[in-house]
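Comments concern the structure below.
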Amino acid sequence: MHDPAVLRSMHVARFHAEPAIFVAPGRVNLIGEHTDYAEGFVMPVAINFATLAGISPRSDGKIVIYSENFGEERAFDAEATPVASKHWTDYPMGVVSILTGEGHKFPGFSLTLWGDVPLGSGLSSSAALEVVTALAVLSLIGASYPGPVLARLCQRVENEFVGANCGIMDQFISANGKENHALLLDCRDLSFRLAPIPANVALVIANTMVKHSIAGGDYPTRRRESEAACAVIASHRPNVPFLRDATLEDLEKWGHEMAPKSLMRARHVISENLRTVAASEALLRGDMKELGRLMAEAHHSYSVDFEGSCVEADAMVALAQDLPGLIGARLTGGGFGGCTINLVEQSQAAAFAEALGARYAAQTGIVPEIHICHASDGAHQLR
Ligand code: ADP
Ligand code: MG
């Protein structure tokens, strides 16, 4: 995480005011991919890459936002209704918009943003930005929300203002993560259970450095296909509004009524839900071997049935398999590139990262970024 003292200096130099400082982490998902919008289970971890926000009130009725990552400042009228403009300021202004819709009224403010969550790599810099902005602007008016409620509001920012049809996972873990723990989240009712990650296990996050976009929009297409499968099941069993409620037996009975791709997507989502709950139980009893096995199965399902992987991510997972210390590896996040998550014995993590990077570069010609991370706390105020 960047140094908050440096953020403070930036804010003071630019805005001549002492900021309150907040932090919200990015995340990595251990298992449970494309299950959140099916009201299923996910098991993410908040990581030690985070976005910092410094905020101070202004008396000129303006909202002025500076991102150190973009080296860019934009100003808005605090009285005006925010409108989306396909710019990074949509995230913080979306937070203002959604919270205003909840009945809050914000004065003008200066906001400095600075994060080390890699942008657009599937580690959820967007959720970190939403959550940290929400904490910051709420602090201005002395308001706060419980973490799960805050997460829902930030998800709405992304869905309703930014226009990304994401589930609740990213915002939830950024707001509610706990150091040295993974969090099993039931995306239906937002109940959750923490499972400790053993101290001798490292999270090695390997960025493939690629992000493919398939024709027609990858994420929404997959979502539509799996929802179409659910509609077929629901035509027989009306009490299956989401794939969370469906079983593999349902697919055996009615899979022939589905488009082949829909059947494959649904098989991934239904089996992934079962694996995710099983993975949390394995983690709770310290059975790392079983957790690794479930991660391998999950990657196979994501790649073959969901067709959510790509050549580079499959390579990154395959190249990790026989490296010393590996517990489990899979592609994490929305898919088609981004990062893999490798659970690795801590004592082997540095050598693992180096060897994986070398192998990947030799095979693909791309030099990857590989980070050795640990599970961190969710969003909070720093000073
Ligand atoms: P991911 O969430 O996987 O990192 P997204 O495309 O969902 O990828 O979100 C990335 C976008 O979020 C960036 O392109 C930018 O618009 C915005 N963003 C994230 N962090 C910052 C930051 N520190 N400053 C400004 N904008 C940011
Ligand atoms: Mg995002």
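Find the residue count for the range 88-97, including only residues that are in a loop (DSSP other than H, G, I, E, B) and within 15 Å of ligand 2 (Cβ to nearest atom). Break it down into steps so the answer makes sense when it comes.
Of the residues in the range 88-97, the ones in a loop (DSSP other than H, G, I, E, B) are 88-89.
Next cut, within 15 Å of ligand 2 (Cβ to nearest atom) only: 88.
Going through the range 88-97 one residue at a time, the tally reaches 1.
Looking at Gln381, Gln346, can you tell me which residue is open to solvent by 60 Å² or more (accessible area, probe 1.4 Å), over 23 Å from the mean Cα position of the chain (by Cα) and in contact (Cβ under 8 Å) with a residue 60 or more places away in the chain? Reasoning before the result, please.
Values: Gln381 fails: over 23 Å from the mean Cα position of the chain (by Cα).
None of the other options fit; the residue is Gln346.
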Restricting to the range 7-30, and then to whatever is without any contact (Cβ under 8 Å) to a residue 40 or more places away in the chain and hydrophobic (A, V, I, L, M, F, W, C), can you tell me which residue is surrounded by the fewest Cβ atoms within 10 Å (Cβ to Cβ)? Ala13
Within the range 98-123, which residues are crowded, with 18+ Cβ neighbours inside 10 Å and modelled with pLDDT under 95? Pro118, Ser121, Gly122, Leu123
Taking the range 73-87 on its own, how many of its residues are open to solvent by 70 Å² or more (accessible area, probe 1.4 Å) and part of a loop (DSSP other than H, G, I, E, B)? 4
Can you list residue pairs whose Cβ atoms sit under 6 Å apart, with the first residue in the range 244-264 being free of Cβ contacts under 8 Å to residues at least 24 places away in the same chain and the second being part of a helix (DSSP H, G or I) and surrounded by fewer than 19 Cβ atoms within 10 Å (Cβ to Cβ)? Count only pairs 6 or more apart in sequence or on different chains. Trp254/His236
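Does the range 226-244 hold any residues that are open to solvent by less than 40 Å² (accessible area, probe 1.4 Å) and assigned to a helix (DSSP H, G or I), and which are they? Steps first, please.
So the first thing to find is which residues in the range 226-244 are open to solvent by less than 40 Å² (accessible area, probe 1.4 Å), and the list is 226, 229-230, 232-234, 240, 243.
Hits for the range 226-244 are Ser226, Ala229, Cys230, Val232, Ile233, Ala234, Leu243.
So is Ile47 open to solvent by less than 10 Å² (accessible area, probe 1.4 Å), within 30 Å of Asp305 (Cα to Cα) and either touching a helix residue (DSSP H, G or I) at 6+ places or on another chain (Cβ under 7 Å) or acidic (Asp, Glu) (or both) or not?
Working: open to solvent by less than 10 Å² (accessible area, probe 1.4 Å): yes; within 30 Å of Asp305 (Cα to Cα): yes; either touching a helix residue (DSSP H, G or I) at 6+ places or on another chain (Cβ under 7 Å) or acidic (Asp, Glu) (or both): no.
Judged against the criteria, Ile47 is not a match.
Looking at the range 52-72 only, could you name the residues that are open to solvent by 10 Å² or more (accessible area, probe 1.4 Å) and either of a type in the set (Ser, Thr, Tyr) or touching a residue at least 24 places away in the same chain (Cβ under 8 Å) (or both)? Give the derivation first.
Of the residues in the range 52-72, the ones open to solvent by 10 Å² or more (accessible area, probe 1.4 Å) are 57-62, 66, 68-72.
If the condition is that a residue be open to solvent by 10 Å² or more (accessible area, probe 1.4 Å) and either of a type in the set (Ser, Thr, Tyr) or touching a residue at least 24 places away in the same chain (Cβ under 8 Å) (or both), then Pro57, Arg58, Ser59, Asp60, Gly61, Lys62, Tyr66, Glu68, Asn69 are the ones that fit.
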What's the number of the condition Ala355 fails, among (1) outside any helix (DSSP H, G or I); (2) of a type in the set (A, V, I, L, M, F, W, C); (3) open to solvent by 30 Å² or more (accessible area, probe 1.4 Å)? (1)
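Give the residue, chosen from Glu345, Glu354, Glu369, that is closer than 18 Å to Leu123 by Cβ and either touching a Cys at 6+ places or on another chain (Cβ under 6 Å) or charged (D, E, K, R) (or both).
Working: Glu345 fails: closer than 18 Å to Leu123 by Cβ; Glu354 fails: closer than 18 Å to Leu123 by Cβ.
After applying the criteria, what remains is Glu369.
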Can you tell me which residue is modelled with the lowest pLDDT among those in the range 154-211 that are among the small types (Gly, Ala, Ser) and crowded, with 18+ Cβ neighbours inside 10 Å? Gly167
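Rundown of residues vs (1) small (Gly, Ala, Ser); (2) away from ligand 2 (no atom under 11 Å from the Cβ); (3) under 15 Å from the mean Cα position of the chain (by Cα), yes/no style:
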residue	(1), (2), (3)
Val117	no, no, yes
Gly120	yes, no, yes
Ser125	yes, no, yes
Ala143	yes, yes, no
Arg156	no, yes, yes
Asn165	no, yes, yes
Asp170	no, no, yes
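The values are calculated or read from the model by the stated rules, or taken from the named source; none is laboratory data. Since the model is a prediction, treat every value here as computed from it, not as a measurement. Virtual Cβ from ideal backbone geometry, glycine too; neighbours counted across all protein chains shown. Only protein heavy atoms, including side chains, enter the accessible area calculation; ligands, DNA and RNA are left aside. Shrake-Rupley method; radii C 1.70, N 1.55, O 1.52, S 1.80 Å.
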